[in-house]
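Read through the structure below, which is laid out as structure tokens, and then see the notes.
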Amino acid sequence: MASVPAEKLSETEITEEEREQTDGFNLLIDALKLNDVETIYGVPGIPITDFGRMAQAQGIRVVAFRHEQNAGNAAAIAGYLTKKPGICLTVSAPGFLNGLTALANATTNCFPMILISGSSEREIVDLQQGDYEEMDQLAIAKPLCKAAFRILNAEDIGIGIARAIRAAVSGRPGGVYLDLPAKLFGQVMDAEAGKNSIFKITDPAPAQIPAPEAVERALETLKGAKRPLVILGKGAAYAQADEEIRAFLEKSGIPFLPMSMAKGILPDTHPQCSGAARSLVLKESDVVMLIGARLNWLLSQGKGKPWGGRKNFIQVDIEPGEMDSNVEITAPLVGDIGSCIKKLLENMGEDWAAPPTDWTDAVKSKKETNIGKMAPRLANDNFPMDFHGALGVIRTVIKERPDAILVNEGANTLDLARGIIDMYQPRKRLDVGTWGVMGIGMGFSIAAAIETRKPVLAIEGDSAFGFSGMEIETICRYDLPVCVVIFNNSGIYRGTDTNEQSADPAWTRFVSNSRYDKMIEAFGGTGFHATTPAELKKAINSAMDSGKPTLVNAAIDPAAGSESGRIGNLNPQSKLRKK
Ligand code: ADP
Ligand code: TPW
Ligand code: MG
């Protein structure tokens with residue numbers, strides 16, 4: 001619409017139509033663009049189809065998925081990789097619920113994302129009069145995320161987007177729900193007032209500087225240690241303080257243990273890395289410094305047999321409420337990891353003494369023994385191929401292509417790959433995280449390729465793959481450099497269970513000898529089938545060299561896996577089970 005001459009603006013006879021106007025659609029897009037949102041991951045439908053179209057027309061990359069959970073997982077990992085909230089866009093009720101699992105998972109993992117869902121008419125929803133896709137989405141989302149907001153008026157879009165972004169990335173990052181009722185999109189307001197109502201957020205994730213006495217206490221505790229250990233968690237990888245962390249660890253000389261997604265902050269081949277002596281360092285250490293890692297089930301809550309006995313904990317974390325959540329933290333260091341590590345480094349002094357050599361020697365020797373024991377298993381050429389033979393090959397692939405991003409899910413496929421495949425660069429290993437959730441594979445792979453423009457290698461259990469497998473069409477549609485390798489052992493944990501009672505297969509079994517490689521060919525990608533480590537190596541290398549959508553069906557011995565991978569101990573044991 002033509003703009004109204006300035007002299008006419010004050011005249012009362014100007015009609016609404018004569019003013020230049022904007023609407024909810026445009027204000028939302030402008031506010032997102034102003035705040036550096038480059039990509040939206042979602043699935044179209046009422047009431048957001050036009051919103052996606054318009055966003056795409058205005059230069060935002062809109063990546064359409066086949067299922068909202070995968071779009072949500074993509075947004076979550078985009079947030080983890082970039083420190084900016086990933087955006088997932090869904091339709092109302094069912095689409096919203098499909099995205100909600102990913103939002104809850106993002107919150108659990110401390111990944112910043114915003115789930116934006118269109119919703120139905122408030123007047124009808126609140127009186128429960130049966131609107132199209134009626135659901136009180138805001139109320140349902142609230143307990144499952146860090147914050148939840150609804151924008152009712154176009155003039156509040158700027159503030160609404162700011163609240164959502166700040167909540168997602170500041171402090172402990174997490175998932176935010178943003179509810180946009182259908183009516184908001186078409187709401188019209190004066191263009192000038194609209195423009196003034198949106199803004200670029202200043203410093204959305206402010207630095208949180210630790211208190212000097214907390215820094216001192218942490219250093220004193222560390223100095224007093226005879227057998228110190230540092231545990232790096234995915235919060236440390238998220239913080240992107242790679243240089244500071246390396247400098248701190250190398251100056252301290254302390255052995256470090258990376259949690260799964262923290263692998264590669266320093267290379268797994270670093271002399272101080274004690275991943276291969278995990279049991280020993282957990283048990284024997286006397287002072288443990290946690291950096292961006294929680295003492296949850298993945299670390300046996302910080303107590304019990306794996307920990308050997310009571311020890312002193314130092315915890316570096318942005319979330320004060322995390323302290324003492326499982327065991328006493330004698331030196332809490334609350335702040336963002338970049339600022340905390342910088343302060344620790346500044347205050348260590350020139351004469352920092354390395355840990356006693358009997359400790360570092362013991363760790364080194366255990367590590368060498370374990371690596372030596374593993375080597376022949378990884379070089380095995382067994383037919384049918386087992387997990388170790390296949391993973392030995394992939395270990396070499398990643399060594400030769402350290403900038404590739406490794407996505408990993410499954411049970412045996414996850415637990416064994418985590419231990420066997422060394423990582424060399426930060427934020428290159430993306431996996432099932434805190435919940436051990438299946439279904440992150442294709443969403444993570446797609447966002448990793450889009451956000452980093454690096455090649456992606458997804459190592460997937462055949463069951464795990466099934467949770468998001470339809471997205472291989474999305475991978476082909478966007479022509480992404482993703483190579484999916486399916487560890488096909490014809491089942492969950494194993495492909496050998498039997499059901500004696502009926503013709504039905506055991507419920508952990510899949511169709512034997514499936515050819516997942518043929519699936520991707522349906523969409524124009526390239527499939528490979530590998531039955532030996534040598535074939536697997538050739539297939540993955542040629543797939544990765546192509547830079548194209550590829551899928552490798554790796555036939556694994558159905559008898560090779562164990563129940564629940566490495567966490568079978570968490571299964572409740574039936575006292576009555578026969579055999
Ligand atoms: P892991 O599973 O690798 O052990 P967790 O997800 O349990 O890691 O822990 C990550 C921790 O990192 C969380 O407690 C979170 O509050 C913290 N965290 C995330 N980002 C930062 C940051 N920038 N600075 C400090 N702590 C952070
Ligand atoms: C959302 C339970 C954990 S691991 C797994 C399931 C179903 C699959 C293991 O089989 P896979 O791996 O992938 O073939 P492998 O190598 O051992 O044969 N639903 C969700 N999350 C989880 N964790 C499960 C179910 C589970
Ligand atoms: Mg399997």
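The values are calculated or read from the model by the stated rules, or taken from the named source; none is laboratory data. Not measured: the values here are computed from a predicted model. Quick reminder, even Gly has a Cβ in these numbers, built from the backbone with ideal geometry, and neighbours come from all protein chains shown. Accessible surface is based on the protein model in full, side chains and every heavy atom, while ligands, DNA and RNA are left aside. Shrake-Rupley method; radii C 1.70, N 1.55, O 1.52, S 1.80 Å.
Axis angle, to the nearest 10 degrees, between helix 24-34 and the longest C-alpha principal axis of the chain: 50 degrees. Amide H contacts of Ser119: Leu180, Ala182, each under 5 Å away and 5 or more positions distant or on a separate chain (H built 1.01 Å from N in the peptide plane; Pro and chain starts excluded). Of the peptides 456-467, 53-64, the ranking by mean beta-carbon count within 10 Å, highest at the top, reads 456-467, 53-64. Between amide H atoms placed 1.01 Å from N, distances below 5 Å from Arg427 occur with Ile265, all of them 5 or more places distant or on a separate chain. A full extension of the chain between Glu400 and Thr531 corresponds to an added length of 45.0 nm, given 0.36 nm per residue minus the alpha carbon distance. The peptide list 202-210, 106-114, 329-337, 560-568, put in order of mean Cβ contacts within 10 Å with the highest first, becomes 106-114, 329-337, 560-568, 202-210. Computed over protein heavy atoms with a 1.4 Å probe, the carbon and sulfur contribution to the accessible area of segment 21-197 reaches 52%. Using the average count of surrounding beta-carbon atoms within 10 Å as a protection proxy, the listed peptides 249-255, 71-77 rank, highest first, as 71-77, 249-255. Can you pull the percent of segment 212-365's accessible area that's carbon plus sulfur, 1.4 Å probe, other chains left in place? Answer for segment 212-365 is 50 percent, counting heavy atoms of protein chains only. Counting only DSSP beta bridges with both residues in the chain, the antiparallel share comes to about 5 percent.
By how many nm would the segment from Glu500 to Ile46 grow when fully extended, if each residue of separation counts as 0.36 nm and the alpha-carbon distance is taken off?
Details: separation 454, 0.36 × 454 = 163.44 nm, distance 4.82 nm.
Computed gain between Glu500 and Ile46 is 158.6 nm.
By accessible area, using a 1.4 Å probe on protein heavy atoms only, segment 379-565 has 51% of its surface on carbon and sulfur.
Each principal axis of the Cα cloud of the chain was taken in turn, and the coordinate range along them, longest first, works out to 88, 67, 51 Å.
Length available on full extension from Thr508 to Glu563: 0.36 nm per residue minus the Cα-Cα distance, which gives 18.8 nm. With protein chains left intact and a 1.4 Å probe, residues in the chain average 43 Å² of accessible area per residue.
Dipole size of the chain about its Cα centre, with +1 on Lys/Arg Cβ and -1 on Asp/Glu Cβ: approximately 2900 debye, rounded to the nearest 20. Modelled this way, with points 7 Å down the Cα-to-C-beta line, the labels at Asp479 and Asn382 are 4.2 nm from one another. Rounded to the nearest 500, what is the chain's calculated 222 nm mean residue ellipticity when only DSSP H runs of at least 4 contribute -39500 (n - 2.57) each, over all residues? The helix-only estimate for the chain comes to -11000 deg cm²/dmol at 222 nm. When Trp307, Trp435, Trp352 are compared by accessible surface with a 1.4 Å probe, the order from highest to lowest is Trp435, Trp352, Trp307.
Relative to the longest principal axis of the Cα atoms of the chain, helix 533-546 runs at roughly 30 degrees.
For the residue pairs Lys234/Lys373; Lys84/Lys399; Lys263/Lys364, the C-alpha atoms sit more than 25 angstrom apart in Lys234/Lys373; Lys84/Lys399.
Of all lysines in the structure, those lying under 19 Å Cα to Cα from Lys311, and not within fewer than 8 positions of it along the same chain, are Lys223, Lys226, Lys283, Lys303.
Compared with the dominant Cα axis of the chain, that is its longest principal axis, helix 387-400 is turned about 70°.
Cross-link reach is defined here as a Cα-Cα straight distance under 12 Å, omitting same-chain residues fewer than 8 places apart; for Lys183 the aspartates and glutamates meeting it are Asp23, Glu121, Glu123. Just so you know, the averaged projected area of the alpha carbon convex hull for segment 21-197 sits at 8.9 nm².
With contacts taken as Cα pairs under 8 Å at a separation of at least 6 residues, segment 212-365 carries a relative contact order of 31 percent.
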